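Notes to accompany the following structure.
The values are calculated or read from the model by the stated rules, or taken from the named source; none is laboratory data. All of these numbers come straight from a predicted model, not from anything done at the bench. Using ideal geometry, Cβ is built from the backbone for each residue, glycine included, and neighbour counts are taken over all protein chains shown. Side chains are part of the model used for accessible areas, which takes the heavy atoms of the whole protein and leaves out ligands, DNA and RNA. Shrake-Rupley method; radii C 1.70, N 1.55, O 1.52, S 1.80 Å.
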Amino acid sequence: MTITITAFERSPDGGKGLARDTRVRWALEEVGQPYNVRLVSFRAMKEPAHLALHPFGQIPTYEEGDLVLFETGAIVFHIAERYAGLLPKDAKARARSITWMFAALNTVEPPILELGAAMYQEGDKPWTKERLPLIHDRIRNRLHQFSVRLGNADWVDGGFSAGDLMMVSVLLRLRASGILDEFTNLSSYVARGEARPAYKRAFDAQAAINTAKPPAG
Ligand code: GTB
């Protein structure tokens, strides 16, 4: 069945792969499923046709036959359940991998999102200077905790799984801040994720769109 996802017509990150369609592309590449991409502008995202797919007017979305999904975590979870390659067969190991997906999204990512909001949406507010160190500390605390758990392991629970895909995707948003590099095992973990052929294919596919020169005129 044909899979179609949506992505930014032009990502504000200029092709760094930080928009969330990269996570879905990566999952699809890991399980070897071909997919189409429908590019949407910021304006089109808020129009009825896209709102019918995504009630909050965002990307990514996922269409497969008459199934329509939104929310990156739910999409990656669906891909991992439907196609082999991202979740272990053993029921307990599978449950742990899913736990790590949730941990990435619900425990590690929130302070990282706060940092983005403080820097880009509230950067001109008088409180930002005082707020930033507090957010940095919250991020460092989560990274320290995860760093201790990961230790010297390559992946968080045995072989690479959807839990690592999500955790690496969340952590790599931090690279520009320099905080990730304070935790050498975590920066190596992220680098291991980025070195996977499936990640590279996903990254290159989004970069091809986001770094292409706009048509003249
Ligand atoms: N919880 C949802 C999910 O996980 O799918 C969040 C989806 C979401 O935030 N989508 C963003 C979006 O559509 C794109 S990914 N924004 C448009 C809007 O809300 O109007 C977030 C994102 C955007 C840009 C960068 N960047 O430029 O670096 C990074 C991440």
Quick one: net charge around Ala153, please, counting Lys, Arg +1 and Asp, Glu -1 for every other residue with C-beta under 12 Å from its C-beta. -1
Would you mind telling me the share, in percent, of accessible area of the chain contributed by carbon and sulfur at probe 1.4 angstrom? 56 percent
Tell me whether the chain comes out rounded, prolate or oblate; compute the Cα gyration tensor, take square roots of the eigenvalues as a ≥ b ≥ c, and use a/c under 1.5 as the rounded threshold. oblate
For region 104-117, just list the computed ³J(HN,Hα) in residue order, Karplus coefficients 6.51, -1.76 and 1.60, θ = phi - 60°, integers in Hz, with x standing in for Gly and Pro. 4, 7, 9, 10, 8, 6, x, x, 5, 5, 4, 4, x, 5
Which whole-Hz ³J(HN,Hα) couplings does region 33-42 yield from phi under the Karplus relation 6.51 cos²θ - 1.76 cosθ + 1.60, θ = phi - 60°, glycine and proline marked x? 9, x, 8, 9, 10, 9, 8, 10, 7, 4
Give the percent of DSSP beta bridges with both residues in the chain that are antiparallel, rounded to the nearest 5. 60 percent
Total formal charge among the other residues, if their Cβ is under 15 angstrom from that of Leu132, Lys/Arg +1 and Asp/Glu -1: 0
Calculate, for the chain, the solvent-accessible area per residue in square angstrom, rolling a 1.4 angstrom probe over the heavy atoms of the protein chains. 52 Å²
Shape call for region 91-196 from the C-alpha gyration tensor, a ≥ b ≥ c root eigenvalues: rounded (a/c under 1.5), prolate (a/b greater than b/c) or oblate? prolate
Given the whole protein assembly as supplied and a 1.4 Å probe, what does the accessible area of Asp204 come to in Å², nearest 10? 100 Å²
Taking only DSSP H segments of four or more residues, each worth -39500 (n - 2.57), what value at 222 nm results for the chain once the sum is divided by all its residues, to the nearest 500 deg cm²/dmol? -15000 deg cm²/dmol
Considering the options Pro214, Val170, Val190, tell which one lies farthest towards the positive end of the dipole of the chain, charges being +1 on Lys and Arg and -1 on Asp and Glu at the Cβ, about the Cα centre. Val190
Could you sort Trp26, Trp127 by their accessible area in this structure, using a 1.4 Å probe and putting the largest first? Trp127, Trp26
By the C-alpha gyration tensor axes a ≥ b ≥ c (rounded if a/c is under 1.5, else prolate when a/b exceeds b/c, else oblate), the shape of region 21-75 is prolate
